[in-house]
Amino acid sequence: MSKRKESASVDFNPLEFTILDSLNEGVFTVDRNWRITSFNHAAEQLTGIPREQALGCRCSEVFRASICEKNCALRRTIDSGMPVVDATAHIVNQRGQRLPIRIATALLKDPTGAIIGGVETFQDLTQVEQLRKELQARYSFEDIIGRSPMMTQLFDILPQIAASSSTVLIEGPSGTGKELFARAIHHLSPRKGKPFVAVNCAALPDTLLESELFGFKAGAFTDARHDKPGRFALADGGTIFLDEIGDISPAMQVRLLRVLQEREIEPLGGIKPIPVDVRVITATNKDLTELVSQGTFREDLYYRVRVVYLKLPRLAQRREDIPLLLEHLISKFNHLQNKNIAGVSDEVMARLMEHDFPGNVRELENIIEQAFVLCRSGLIEMKHLPIDLRTDASNAPGETRHLLLAAMEKATIENALRRHSGNRSQAAADLGINPSTLYRKIRAYGIVPPPEDGRSNRR
């Protein structure tokens, strides 16, 4: 971020400063050169950037907002003279977190009426966004957690997959988030305003699965008193997600193949096919190529469902994502259970980094949920983990051991900074290391100190 101070701050009297700093909404002003001239306390808290650091910088450098380049609300106001109310955007704070915000803008004039800049207020919508997701059960790109190379590669291609209408096959072990990826594809696609319908094919016997998928007409069987639309019909215009596709019977495979070929369904007891406009996403925890070679899965159906193919990695294949997932899950359960748990102990971090996670991300979520039930302090410790996990990490193999040690060291530094409100000198003394050593490790691990430090974006 540029630290040039080419613009003086707006001359507010002490009372005006007090008023601005008492607001829960972030407030800042800019001059005609788009340099920040005032920056209140709420703006500091939301962005993680101290006032003295923001003043004189271009607002786009500070906020890194989604609308800065092409659709700046403040620019529209200064150009048109018209205020903007209730615009929405995302900003990226100093911790790298993407925050949803609501924006309002107005002109800033001097006593003569001349336009000298603009003022913008912004409000954190994180809680509102979380509630919306919980109520609507909608998922987007941002809900998939991971920064490992494997996940980054998937993220890179996900928007292109979503933009198409091709059938998708998602393979991966149980607990890797196959439905989450399917929902993300739907939500990013042109069909996002239409239904997303999920069906677990392994949970139903053939007779029930057929009626669930394709529906039935009144009189089709003894208890069929009324017509019932199937899941394909309910998903018309949207997306149907067929989970555990590898478990369907040969007879059902034939029915599904016809639907994919003809793009029409025939309800039980019906005599006339019904066309459907549905995108099909399938998923399995089995190796379909192996099932084809065994003769238990039709080869022609395999090539129909495997137009676009995604292979999700096991959590053990992306261990570097575990600290990020932990941060996400702790934030999630703090919100759901109204707790304020800061994180996990160094020992817990090391143990989780070495664990193989046969249940993948779902297992990690269950572990943290149990820990939240048992934890009565501000830190999850070994005693809060399931009994089979209460061992040390001393026997980890070489590469894994290196990851564990790095994760432990990073977590230890972060905890020390948190204990001392970001004061690096005190944290270094607490850790028993030279401050220069601490600064070097902060840079090496990409650690962003708490905003209370007043130096959170210095490297």
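The values are calculated or read from the model by the stated rules, or taken from the named source; none is laboratory data. Remember, predicted model here, so these are calculated numbers, not experimental data. Cβ sites come from the backbone with ideal geometry, for glycine too, and all protein chains shown count toward neighbours.
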Could you tell me whether the stretch 254-265 includes any residue that is in the same structural domain as G177 (by TED's automatic domain parsing), within 16 Å of Y303 (Cα to Cα) and either modelled with pLDDT under 90 or under 30 Å from the mean Cα position of the chain (by Cα) (or both)?
-> no
How many residues does the stretch 267-284 contain that are surrounded by fewer than 18 Cβ atoms within 10 Å (Cβ to Cβ) and of a type outside the set (A, V, I, L, M, F, W, C)?
-> 6
P323 passes all but one of (1) outside any helix (DSSP H, G or I); (2) in contact (Cβ under 8 Å) with a residue 60 or more places away in the chain; which number fails?
-> (1)
Taking the stretch 294-320, which residues are of a type in the set (S, T, Y) and either crowded, with 16+ Cβ neighbours inside 10 Å or outside any helix (DSSP H, G or I) (or both)?
-> T296, Y302, Y309
Out of (1) crowded, with 17+ Cβ neighbours inside 10 Å; (2) assigned to a helix (DSSP H, G or I); (3) at pLDDT 75 or above, the one G422 does not meet is (2)
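Quick grid of which residues meet (1) in contact (Cβ under 8 Å) with a residue 24 or more places away in the chain; (2) within 26 Å of Y303 (Cβ to Cβ); (3) not assigned by TED's automatic domain parsing to the domain that holds S166:
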position: H186; (1), (2), (3): yes, yes, no
position: R191; (1), (2), (3): yes, yes, no
position: L204; (1), (2), (3): no, yes, no
position: D227; (1), (2), (3): yes, no, no
position: L234; (1), (2), (3): yes, no, no
position: G246; (1), (2), (3): yes, yes, no
position: A251; (1), (2), (3): yes, yes, no
position: K272; (1), (2), (3): no, no, no
position: N285; (1), (2), (3): yes, yes, no
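Does N334 qualify as being of a type in the set (S, T, N, Q) and not assigned by TED's automatic domain parsing to the domain that holds M151?
For N334, the condition - of a type in the set (S, T, N, Q) and not assigned by TED's automatic domain parsing to the domain that holds M151 - is met.
Within the stretch 85-103, can one find any residue that is under 17 Å from S38 (Cβ atoms) and crowded, with 19+ Cβ neighbours inside 10 Å?
Yes, because at least one residue in the stretch 85-103 is under 17 Å from S38 (Cβ atoms) and crowded, with 19+ Cβ neighbours inside 10 Å.
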The helices (runs of 4 or more DSSP H) lying wholly within the stretch 149-238 that contain at least 1 residues that are within 30 Å of F357 (Cα to Cα) are 149-163, 178-188
Is it true that N334 is exposed (fewer than 15 other Cβ atoms within 10 Å of the Cβ), of a type in the set (S, T, N, Q) and not in a helix (DSSP H, G or I)?
-> no
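Of the residues V128, V119, which single one is of a type in the set (V, I, T), modelled with pLDDT under 80 and over 28 Å from N360 (Cβ atoms)? Before the answer, list the steps.
Numbers: V119 fails: modelled with pLDDT under 80.
After ruling out the rest, the residue left standing is V128.
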Which fully enclosed helices (runs of 4 or more DSSP H) of the stretch 1-63 have 3 or more residues being at pLDDT 85 or above and touching a helix residue (DSSP H, G or I) at 6+ places or on another chain (Cβ under 7 Å)?
-> 41-47
